[in-house]
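One structure, pasted below without further comment.
Derivation of every value follows stated rules applied to the coordinates shown; laboratory data play no part. Here the structure is a predicted model, which is why all the values come from computation and not from measurement. Cβ placement follows ideal geometry from the backbone for every residue including glycine, while neighbour counts extend to all protein chains displayed.
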There are 2 protein chains.
Amino acid sequence: MDIINGSFIDQLNRAIRGKPKQKRYEEDPDNAWNCCSWCEYLLIVILSTILLVGVLILTLFWVMFYRGGFAWTERPLQQFNLHPILMVAGFVTLSGFSILIYRLCRCVKHIYVKLIHMFFHAVAIPCIALGFLSVFDSHNALQKVNFYSLHSWLGFVTMGMFLLQFVIGFFTFLVMLCCENKTYSCRSAMVPIHASLGLANFWLAIATSVTGIIEKERETAKDPNLSAENQLIEHYITSAIGLTLVVIGIIVTFAVRRTNAPASAKVYVTERI
Amino acid sequence: MDIINGSFIDQLNRAIRGKPKQKRYEEDPDNAWNCCSWCEYLLIVILSTILLVGVLILTLFWVMFYRGGFAWTERPLQQFNLHPILMVAGFVTLSGFSILIYRLCRCVKHIYVKLIHMFFHAVAIPCIALGFLSVFDSHNALQKVNFYSLHSWLGFVTMGMFLLQFVIGFFTFLVMLCCENKTYSCRSAMVPIHASLGLANFWLAIATSVTGIIEKERETAKDPNLSAENQLIEHYITSAIGLTLVVIGIIVTFAVRRTNAPASAKVYVTERI
């Protein structure tokens with residue numbers, strides 16, 4: 001990494017002006033965003049909101065109108081339908097919003113952003129637990145083998161990593177704040193690990209969802225009780241869900257790499273280019 | 001972002017010692033890695049090499065011993081088998097090595113690292129083109145519909161993004177070097193975009209491969225010509241390929257977020273924690 005010209009003089013000015021380390025990056029007028037940065041920011045916020053809510057509505061539409069709606073243990077086939085809805089809600093919509101809010105929220109105090117980030121993930125936990133229970137119950141009632149397909153293996157890893165991230169994140173970034181100064185180096189070391197594993201887990205959830213959707217779509221395509229027209233419509237709906245999930249993955253990856261510092265702002269340490 | 005205590009004094013010392021901006025980050029003795037950082041580095045290098053080569057060998061093993069080997073237009077079923085091998089080689093093994101080499105190579109001059117990064121991606125292009133041609137020819141010969149499944153849609157987006165990234169990366173980070181100072185701000189603005197879209201494209205390639213593998217596995221599971229034992233073995237092989245691909249995705253995501261600066265080294269600008 002290179003230190004950009006003038007950073008020493010900037011530091012000197014800042015030191016003379018006093019208390020530079022109490023100023024957050026985005027509060028510094030030197031780092032004010034230009035019109036282009038704001039447009040990019042708004043585009044990401046609007047597009048990701050539409051897609052994260054849209055994929056949930058699309059899955060709901062598919063399950064309600066083409067898979068026979070919901071039920072609990074009394075109708076195992078319909079109980080299974082809770083699985084895609086709850087997993088997409090927990091692993092994609094809620095987790096996606098949680099990640100984006102943490103990264104893109106600029107106006108709220110940082111501790112509140114952390115709490116909102118944790119809250120969204122916490123709400124995702126019962127969704128995931130119920131989603132897991134519904135497929136487990138439904139498989140047992142229909143005497144299907146559990147943990148046989150690639151989807152189930154990936155799902156197991158995703159759930160394990162999600163729980164691990166939640167527990168470690170909760171203790172490191174919230175509980176450890178009770179002793180803020182002493183835990184600083186530990187927390188700063190954990191930031192890139194938590195962020196990269198979080199992003200990896202989000203993609204893992206997307207890969208798992210896509211495998212599940214394809215397994216279901218292939219099953220539907222061989223179902224003799226369905227008309228060719230219905231099979232074709234379901235094929236397009238499930239493919240659209242899969243494609244939306246992958247587009248969400250791309251946007252979230254793009255958004256989290258984007259720091260609060262736009263490319264045009266002054267930075268003190270840069271990537272090697 | 002906060003400016004860490006003492007950075008001003010460090011800058012002052014550096015300014016007195018002279019020419020701080022000509023020193024690369026990893027050349028500075030203050031940023032020397034400790035034993036733990038080296039262990040983590042070696043673990044990532046060894047594990048990713050094993051997995052990137054391993055997934056290619058596993059796919060080769062599956063195709064050679066369970067799918068009847070390779071051929072060109074004279075045997076369309078065997079011609080199709082070139083598709084998984086060439087796509088995994090181009091989009092996963094070569095692209096994966098290219099990304100990791102760029103991010104993890106510490107001892108070679110930066111321009112050489114860039115050229116190696118480009119070389120690996122350039123070698124991936126004929127693999128991808130041949131892989132695409134083989135499935136297209138095979139589908140036409142077997143009178144199968146093209147661009148029908150989610151796998152094909154995702155594959156189309158992945159190929160388009162790969163080409164776009166290659167062309168833009170080539171012009172921005174290599175051709176523009178002919179006028180190094182004037183293009184600095186443009187290149188520095190492009191770094192996070194190229195890196196995040198590259199990572200997104202790598203995950204897109206993994207999601208596409210996993211969907212393709214599952215589609216093939218579901219097809220195999222319904223094939224009356226295969227024995228139940230063979231179907232089960234193929235199921236485990238394809239699931240293992242899918243799982244390996246996802247693990248590769250996680251490791252690469254983890255490795256690229258890791259800068260050349262280990263968490264324990266001194267940094268001047270930190271994340272908000």
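Of B:Ile193, B:Thr183, B:Leu204, which is farthest along the charge dipole of the range B:163-242 in the positive direction, counting Lys and Arg as +1 and Asp and Glu as -1 at C-beta?
Value: B:Thr183.
Moving on to the next point. More than 25 Å apart: what percent of Cα pairs in the range B:129-235 qualify?
Within the range B:129-235, distances greater than 25 Å cover 44 percent of Cα pairs.
Next question. Checking the table B:Lys114/B:Lys182; B:Lys114/B:Lys216; A:Lys114/A:Lys144; A:Lys114/B:Lys216; A:Lys182/B:Lys109; A:Lys216/B:Lys114 against a 31 Å threshold on Cα-Cα, which pairs fail?
B:Lys114/B:Lys216; A:Lys114/A:Lys144; A:Lys114/B:Lys216; A:Lys182/B:Lys109; A:Lys216/B:Lys114
Another question about this same structure. What residues from the range A:229-257 fall in the zone where the backbone N is under 18 Å from a label point 7 Å along the Cα-to-C-beta line of A:Arg75?
The answer is none, because no backbone nitrogen lies closer than 18 Å to the label point.
Going from the alpha-carbon gyration tensor of the range B:35-257, what semi-axes, largest first and in whole Å, does one get by taking the root of 5 times each eigenvalue?
35, 21, 14
Please compute one quarter of the surface area of the Cα convex hull for the range A:46-133 and express it in square nanometres.
Projected over every direction and averaged, the Cα hull of the range A:46-133 covers 5.9 nm².
So, one more: Where does the range B:200-251 land on Rg(C-alpha)/(2.2 N^0.38 Å)?
1.27
Still on this structure: In nm, give the distance between the simple-model label positions of A:Phe170 and A:Lys144, each being 7 Å from the Cα along the Cα-to-Cβ direction.
3.1
Further, regarding this structure: Report, for B:Val145, each distance to the same residue's label point in the other copies, shortest first and in nm; define the point 7 Å along Cα→Cβ.
Reported distances to equivalent positions: 3.1 nm.
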